[in-house]
Amino acid sequence: MMTGHGDDPHAVGGLVRHIPVLLAEVLEALEPKAGETIVDGTFGAGGYTTAILERGASVVAIDRDPDAIAAGKALEQQAGGRLKLVQEPFSTLDRHVESADGVVLDIGVSSMQLDQAGRGFSFRADGPLDMRMAQAGLSAADVVNTFKAGDLARIFGFLGEERHAGRIARMIEARRERRPFERTLDLADAIATHVGRAPKDNIHPATRVFQALRIFVNDELGELASALFAAERVLKPGGRLAVVTFHSLEDRIVKRFIA
Ligand SMILES: C[S@@+](CC[C@H](N)C(=O)[O-])C[C@H]1O[C@@H](n2cnc3c(N)ncnc32)[C@H](O)[C@@H]1O
(Lines give C-alpha, C1' and ligand atoms only; values in the text may rest on other atoms or scores of the structure.)
Protein backbone atom coordinates (compact mmCIF):
# COMPACT_ATOMS: atom_id res chain seq x y z
CA MET A 1 0.00 0.00 0.00
CA MET A 2 1.13 3.54 -0.56
CA THR A 3 -0.36 6.92 0.08
CA GLY A 4 0.87 10.33 -0.91
CA HIS A 5 -0.15 13.95 -1.05
CA GLY A 6 -0.63 15.26 -4.58
CA ASP A 7 1.46 18.39 -4.10
CA ASP A 8 2.51 19.24 -7.62
CA PRO A 9 4.01 22.39 -9.13
CA HIS A 10 0.91 22.95 -11.25
CA ALA A 11 -1.31 23.50 -8.23
CA VAL A 12 -2.93 26.93 -8.00
CA GLY A 13 -4.51 27.67 -4.64
CA GLY A 14 -3.95 23.99 -3.88
CA LEU A 15 -6.53 22.92 -6.42
CA VAL A 16 -5.50 22.81 -10.08
CA ARG A 17 -3.77 19.84 -11.72
CA HIS A 18 -2.93 19.32 -15.39
CA ILE A 19 -0.74 16.23 -15.51
CA PRO A 20 -1.28 12.89 -13.77
CA VAL A 21 0.40 13.50 -10.44
CA LEU A 22 2.77 10.97 -8.95
CA LEU A 23 2.41 8.68 -11.98
CA ALA A 24 5.86 7.11 -11.52
CA GLU A 25 5.23 6.50 -7.81
CA VAL A 26 1.78 5.02 -8.52
CA LEU A 27 3.20 2.61 -11.10
CA GLU A 28 5.98 1.62 -8.73
CA ALA A 29 3.47 0.84 -5.97
CA LEU A 30 0.92 -0.88 -8.22
CA GLU A 31 3.41 -2.93 -10.27
CA PRO A 32 0.84 -3.70 -13.00
CA LYS A 33 1.77 -6.75 -15.08
CA ALA A 34 0.43 -8.48 -18.19
CA GLY A 35 -2.55 -10.63 -17.36
CA GLU A 36 -3.40 -8.78 -14.14
CA THR A 37 -6.56 -6.80 -13.39
CA ILE A 38 -6.25 -3.31 -11.94
CA VAL A 39 -9.12 -1.09 -10.78
CA ASP A 40 -8.58 2.63 -11.50
CA GLY A 41 -11.30 4.18 -9.32
CA THR A 42 -10.69 7.71 -10.63
CA PHE A 43 -10.37 7.48 -14.41
CA GLY A 44 -10.40 11.28 -14.98
CA ALA A 45 -8.47 12.05 -18.17
CA GLY A 46 -7.20 8.46 -18.27
CA GLY A 47 -3.55 9.20 -17.47
CA TYR A 48 -3.08 6.35 -14.98
CA THR A 49 -5.26 3.94 -16.96
CA THR A 50 -3.26 4.53 -20.14
CA ALA A 51 0.02 3.84 -18.34
CA ILE A 52 -1.39 0.66 -16.73
CA LEU A 53 -2.70 -0.59 -20.10
CA GLU A 54 0.77 0.04 -21.56
CA ARG A 55 2.16 -2.40 -18.97
CA GLY A 56 -0.13 -5.11 -20.32
CA ALA A 57 -2.69 -5.30 -17.50
CA SER A 58 -6.47 -5.06 -17.89
CA VAL A 59 -8.23 -2.12 -16.28
CA VAL A 60 -11.67 -1.60 -14.80
CA ALA A 61 -11.85 2.20 -14.78
CA ILE A 62 -14.49 4.02 -12.78
CA ASP A 63 -15.54 7.67 -12.76
CA ARG A 64 -18.78 9.18 -11.55
CA ASP A 65 -18.50 12.02 -14.06
CA PRO A 66 -20.37 11.23 -17.30
CA ASP A 67 -18.07 13.63 -19.23
CA ALA A 68 -14.94 11.70 -18.14
CA ILE A 69 -16.53 8.39 -19.22
CA ALA A 70 -17.65 9.83 -22.57
CA ALA A 71 -14.14 11.19 -23.23
CA GLY A 72 -12.68 7.75 -22.45
CA LYS A 73 -14.76 5.83 -24.99
CA ALA A 74 -12.11 6.07 -27.72
CA LEU A 75 -9.47 4.60 -25.38
CA GLU A 76 -11.88 1.80 -24.44
CA GLN A 77 -12.22 0.88 -28.12
CA GLN A 78 -8.47 1.00 -28.73
CA ALA A 79 -7.78 -1.23 -25.73
CA GLY A 80 -9.17 -4.33 -27.43
CA GLY A 81 -11.24 -5.62 -24.52
CA ARG A 82 -8.68 -4.82 -21.81
CA LEU A 83 -10.49 -1.68 -20.58
CA LYS A 84 -13.96 -1.56 -19.05
CA LEU A 85 -15.29 1.93 -18.25
CA VAL A 86 -17.91 2.28 -15.53
CA GLN A 87 -19.83 5.44 -14.66
CA GLU A 88 -20.38 4.99 -10.93
CA PRO A 89 -19.05 6.31 -7.62
CA PHE A 90 -15.88 4.42 -6.67
CA SER A 91 -17.42 3.30 -3.38
CA THR A 92 -19.18 0.65 -5.52
CA LEU A 93 -15.96 -0.72 -7.04
CA ASP A 94 -16.52 -4.20 -5.64
CA ARG A 95 -19.70 -4.49 -7.73
CA HIS A 96 -17.78 -4.17 -10.99
CA VAL A 97 -14.96 -6.65 -10.42
CA GLU A 98 -14.75 -9.91 -8.49
CA SER A 99 -11.08 -9.73 -7.66
CA ALA A 100 -8.19 -7.43 -8.50
CA ASP A 101 -4.41 -7.39 -8.33
CA GLY A 102 -4.35 -3.66 -7.69
CA VAL A 103 -6.59 -0.70 -6.89
CA VAL A 104 -5.63 2.93 -7.43
CA LEU A 105 -7.48 6.07 -6.34
CA ASP A 106 -6.36 9.59 -7.30
CA ILE A 107 -8.71 11.61 -5.14
CA GLY A 108 -10.17 15.00 -6.01
CA VAL A 109 -11.28 16.92 -9.07
CA SER A 110 -9.67 16.67 -12.48
CA SER A 111 -8.28 19.62 -14.40
CA MET A 112 -11.03 18.94 -16.97
CA GLN A 113 -13.63 19.61 -14.27
CA LEU A 114 -11.83 22.66 -12.86
CA ASP A 115 -11.13 24.24 -16.23
CA GLN A 116 -14.76 24.16 -17.37
CA ALA A 117 -16.40 27.17 -15.74
CA GLY A 118 -19.82 25.65 -16.40
CA ARG A 119 -19.13 22.87 -13.86
CA GLY A 120 -18.92 25.48 -11.11
CA PHE A 121 -15.81 24.20 -9.28
CA SER A 122 -13.68 27.31 -9.74
CA PHE A 123 -13.71 30.64 -7.96
CA ARG A 124 -11.51 32.09 -10.71
CA ALA A 125 -13.94 31.83 -13.61
CA ASP A 126 -17.64 32.63 -13.41
CA GLY A 127 -20.02 29.70 -13.62
CA PRO A 128 -23.12 28.25 -11.98
CA LEU A 129 -22.52 27.31 -8.33
CA ASP A 130 -22.71 23.58 -9.05
CA MET A 131 -19.66 21.39 -8.13
CA ARG A 132 -21.41 18.05 -8.66
CA MET A 133 -18.94 15.54 -10.16
CA ALA A 134 -21.79 13.19 -11.08
CA GLN A 135 -23.88 16.08 -12.48
CA ALA A 136 -26.80 14.92 -10.32
CA GLY A 137 -28.06 15.50 -6.76
CA LEU A 138 -27.71 18.47 -4.40
CA SER A 139 -25.64 21.33 -5.89
CA ALA A 140 -23.38 23.77 -4.08
CA ALA A 141 -26.04 26.48 -4.67
CA ASP A 142 -28.66 24.29 -2.95
CA VAL A 143 -26.38 23.97 0.09
CA VAL A 144 -25.41 27.65 0.24
CA ASN A 145 -28.98 28.92 -0.21
CA THR A 146 -30.89 26.50 2.05
CA PHE A 147 -28.66 25.21 4.87
CA LYS A 148 -28.82 26.95 8.26
CA ALA A 149 -25.85 29.16 9.16
CA GLY A 150 -24.82 26.69 11.89
CA ASP A 151 -24.62 23.83 9.41
CA LEU A 152 -22.73 25.93 6.86
CA ALA A 153 -20.26 26.96 9.58
CA ARG A 154 -19.65 23.29 10.46
CA ILE A 155 -19.11 22.40 6.79
CA PHE A 156 -16.67 25.29 6.24
CA GLY A 157 -14.85 24.68 9.53
CA PHE A 158 -14.59 20.90 9.39
CA LEU A 159 -14.21 20.20 5.68
CA GLY A 160 -12.39 23.42 4.75
CA GLU A 161 -10.51 24.12 7.99
CA GLU A 162 -11.68 27.71 7.45
CA ARG A 163 -10.82 30.05 10.36
CA HIS A 164 -13.69 32.43 9.62
CA ALA A 165 -16.30 29.68 9.13
CA GLY A 166 -18.92 31.23 11.44
CA ARG A 167 -18.54 34.76 10.08
CA ILE A 168 -18.79 33.60 6.48
CA ALA A 169 -21.82 31.41 7.23
CA ARG A 170 -23.66 34.33 8.86
CA MET A 171 -22.78 36.64 5.97
CA ILE A 172 -24.18 34.07 3.51
CA GLU A 173 -27.40 33.68 5.49
CA ALA A 174 -27.97 37.45 5.56
CA ARG A 175 -27.05 38.09 1.92
CA ARG A 176 -29.12 35.24 0.43
CA GLU A 177 -32.29 36.74 1.93
CA ARG A 178 -31.89 39.60 -0.52
CA ARG A 179 -30.46 37.62 -3.41
CA PRO A 180 -29.61 33.89 -3.50
CA PHE A 181 -26.13 32.82 -4.56
CA GLU A 182 -26.22 31.31 -8.05
CA ARG A 183 -22.75 32.01 -9.48
CA THR A 184 -19.24 31.05 -8.36
CA LEU A 185 -17.78 34.55 -8.65
CA ASP A 186 -20.67 36.07 -6.71
CA LEU A 187 -19.92 33.77 -3.75
CA ALA A 188 -16.12 34.18 -4.08
CA ASP A 189 -16.39 37.99 -4.21
CA ALA A 190 -18.81 38.12 -1.26
CA ILE A 191 -16.38 36.06 0.85
CA ALA A 192 -13.37 38.13 -0.24
CA THR A 193 -15.18 41.37 0.58
CA HIS A 194 -16.36 40.08 3.94
CA VAL A 195 -13.15 38.58 5.33
CA GLY A 196 -10.54 40.38 3.22
CA ARG A 197 -7.16 38.93 2.40
CA ALA A 198 -4.42 38.71 5.03
CA PRO A 199 -1.18 40.16 3.57
CA LYS A 200 0.71 36.87 3.94
CA ASP A 201 -2.12 34.76 2.52
CA ASN A 202 -1.16 33.43 -0.89
CA ILE A 203 -4.50 31.76 -1.54
CA HIS A 204 -7.81 33.36 -2.47
CA PRO A 205 -9.99 34.00 0.62
CA ALA A 206 -12.70 31.70 -0.82
CA THR A 207 -10.37 28.70 -1.36
CA ARG A 208 -11.29 26.84 1.81
CA VAL A 209 -15.03 27.45 1.52
CA PHE A 210 -15.00 26.18 -2.07
CA GLN A 211 -13.02 23.11 -1.01
CA ALA A 212 -15.47 22.43 1.82
CA LEU A 213 -18.53 22.78 -0.42
CA ARG A 214 -17.01 20.48 -3.02
CA ILE A 215 -16.16 17.81 -0.44
CA PHE A 216 -19.66 18.05 1.06
CA VAL A 217 -21.60 18.08 -2.23
CA ASN A 218 -19.71 15.00 -3.47
CA ASP A 219 -19.54 13.23 -0.07
CA GLU A 220 -15.84 12.85 -0.78
CA LEU A 221 -14.76 11.59 2.65
CA GLY A 222 -17.60 9.03 2.89
CA GLU A 223 -16.82 7.87 -0.63
CA LEU A 224 -13.15 7.46 0.26
CA ALA A 225 -13.81 5.39 3.40
CA SER A 226 -16.29 3.13 1.56
CA ALA A 227 -13.89 2.68 -1.36
CA LEU A 228 -11.08 1.58 0.97
CA PHE A 229 -13.34 -1.10 2.47
CA ALA A 230 -14.47 -2.16 -1.02
CA ALA A 231 -10.83 -2.36 -2.18
CA GLU A 232 -10.01 -4.64 0.72
CA ARG A 233 -12.85 -6.95 -0.33
CA VAL A 234 -11.66 -7.33 -3.94
CA LEU A 235 -7.86 -7.34 -3.56
CA LYS A 236 -6.24 -10.75 -3.98
CA PRO A 237 -3.61 -11.88 -1.48
CA GLY A 238 -0.52 -9.87 -2.42
CA GLY A 239 -2.70 -7.22 -4.10
CA ARG A 240 -1.61 -3.56 -4.08
CA LEU A 241 -3.52 -0.42 -3.09
CA ALA A 242 -2.27 3.05 -4.09
CA VAL A 243 -4.07 6.20 -2.98
CA VAL A 244 -3.07 9.74 -3.96
CA THR A 245 -4.63 12.18 -1.52
CA PHE A 246 -4.85 15.92 -1.85
CA HIS A 247 -5.42 17.28 1.65
CA SER A 248 -4.96 16.30 5.27
CA LEU A 249 -8.53 15.04 5.89
CA GLU A 250 -8.19 12.44 3.15
CA ASP A 251 -4.66 11.62 4.16
CA ARG A 252 -5.76 10.90 7.73
CA ILE A 253 -8.54 8.53 6.61
CA VAL A 254 -6.16 6.54 4.39
CA LYS A 255 -3.40 6.34 6.99
CA ARG A 256 -5.78 5.22 9.73
CA PHE A 257 -7.29 2.62 7.43
CA ILE A 258 -3.86 1.23 6.56
CA ALA A 259 -2.81 1.22 10.22
C1 LIG B 1 -7.73 13.86 -10.08
S2 LIG B 1 -8.82 13.19 -11.25
C3 LIG B 1 -8.06 11.69 -11.74
C4 LIG B 1 -7.01 11.88 -12.80
C5 LIG B 1 -6.49 10.56 -13.34
N6 LIG B 1 -5.67 9.86 -12.39
C7 LIG B 1 -5.70 10.77 -14.62
O8 LIG B 1 -4.57 10.27 -14.70
O9 LIG B 1 -6.21 11.42 -15.53
C10 LIG B 1 -10.12 12.59 -10.24
C11 LIG B 1 -11.28 11.97 -11.01
O12 LIG B 1 -11.96 11.14 -10.09
C13 LIG B 1 -13.33 11.30 -10.20
N14 LIG B 1 -13.91 11.04 -8.90
C15 LIG B 1 -13.69 11.74 -7.76
N16 LIG B 1 -14.37 11.19 -6.75
C17 LIG B 1 -15.01 10.11 -7.27
C18 LIG B 1 -15.87 9.12 -6.73
N19 LIG B 1 -16.22 9.14 -5.44
N20 LIG B 1 -16.33 8.16 -7.54
C21 LIG B 1 -15.97 8.11 -8.84
N22 LIG B 1 -15.19 9.04 -9.43
C23 LIG B 1 -14.71 10.02 -8.65
C24 LIG B 1 -13.54 12.72 -10.67
O25 LIG B 1 -14.76 12.82 -11.39
C26 LIG B 1 -12.30 12.95 -11.54
O27 LIG B 1 -12.59 12.69 -12.89
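The values are calculated or read from the model by the stated rules, or taken from the named source; none is laboratory data. Remember, it's a predicted structure, so these values are computed and weren't measured experimentally. Cβ sites come from the backbone with ideal geometry, for glycine too, and all protein chains shown count toward neighbours. Heads up: the accessible areas ignore ligands, DNA and RNA and are worked out on the full protein's heavy atoms, side chains in. Shrake-Rupley method; radii C 1.70, N 1.55, O 1.52, S 1.80 Å.
Below are the figures for this structure:
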| item | result |
| --- | --- |
| Whole-angstrom gap from segment 82-116 to segment 214-259, using each part's C-alpha centre | 12 Å |
| Paramagnetic reach from E177 in segment 132-169 [backbone N under 13 Å; point 7 Å along Cα→Cβ] | 149 |
| Segment 136-217: proportion of alpha-carbon pairs further apart than 18 angstrom, % | 32 percent |
| Max mean-square fluctuation residue, GNM over the chain, Cα-Cα springs under 10 Å, options L241, L23, L224 | L23 |
| Max mean-square fluctuation residue, GNM over the chain, Cα-Cα springs under 10 Å, options R82, R179, R167 | R179 |
| Stretch gain in nm, segment K73-F158, where the contour uses 0.36 nm per residue and the Cα spacing is subtracted | 26.8 nm |
| Built amide H within the under 5 Å cut-off of L241, gap 5+ | M2, V103 |
| Quarter of Cα convex hull surface for segment 85-232, i.e. mean projection, nm² | 9.8 nm² |
| Segment 42-169 - accessible surface per residue (Å², probe 1.4 Å) | 41 Å² |
| Cα-Cα over 31 Å, subset of K73/K148; K148/K255; K33/K255 | K73/K148; K148/K255 |
| 3J(HN,Hα) from dihedral phi, segment 22-28, Karplus parametrisation 6.51/-1.76/1.60, rounded to Hz, x for glycine, proline | 6, 4, 4, 5, 5, 5, 5 |
| Whole-Hz couplings from phi, Karplus 6.51/-1.76/1.60, listed for segment 181-198; x for Gly and Pro | 7, 10, 10, 4, 5, 4, 5, 4, 5, 4, 5, 4, 5, 6, 9, x, 10, 5 |
| Column: log10 I(q)/I(0), Debye, Cα scatterers of segment 38-125, q = 0.12 Å⁻¹ | -0.35 |
